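Asker: Got a structure here, written out as structure tokens. Questions coming.
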């Protein structure tokens with residue numbers, strides 16, 4: 001089959017699945033659309049290399065995964081927008097003026113099934129600096145190992161764990177205010 005015809009067929013068959021996966025990984029409609037387009041451009045360029053040892057969808061998803069990783073790597077290498085003043089005092093000790101480090105009193109194990117909670121969680125995730133959000137998504141959405149993430153983003157494991165801890169604290173504070181606490 002001619003490469004152009006084959007690609008058109010794949011766009012019809014797999015376009016929505018690729019977009020859904022990209023949107024899940026990136027949480028941005030624009031980024032997801034761009035990545036899917038890049039996947040098809042890369043697939044068209046490498047069509048001769050596709051040996052049909054796997055399904056076309058599997059091959060396209062593999063390309064998608066690499067494109068998402070490249071995007072995260074590019075975003076992560078940008079200028080850091082991290083300010084730690086909110087979390088540490090002048091002596092580099094943790095601040096906790098609002099008591100955000102206390103345990104939440106909730107027995108609801110199904111918060112992720114709650115659409116309103118998910119909206120607040122998404123809002124809180126969007127407030128994270130880009131570099132932090134990248135690590136959170138790679139860790140919790142893509143479930144990559146820390147060593148792999150450190151290698152992809154070119155950071156030390158110590159820095160990785162510090163950023164994850166700070167991300168969790170910021171998310172916790174945001175959710176404490178917006179969902180569990182006074183902002184609700």
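Asker: Cα centroids of the range 29-53 and the range 115-182: how far apart, whole angstrom?
Answerer: Cα centroid of the range 29-53 versus Cα centroid of the range 115-182: 28 Å apart.
Asker: Ok, one more. Any number yet on Rg/Rh for the range 8-51, C-alpha, Kirkwood?
Answerer: Ratio of gyration radius to Kirkwood radius for the range 8-51: 1.01.
Asker: Kirkwood-based Rg over Rh for the range 3-76 (C-alpha set), two decimals?
Answerer: Computed over Cα atoms, the ratio is 0.96.
Asker: Can you bin every Cα-Cα distance in the range 132-184 into 5 Å intervals starting at zero and give me the percent of pairs per bin, rounded to whole numbers?
Answerer: Binned Cα distances yield the sequence 5, 20, 26, 19, 12, 9, 7, 3, 0.
No lab work stands behind these numbers, since they all come straight from the coordinates. The structure presented is a predicted model; accordingly, all values stated were derived computationally and were not measured.
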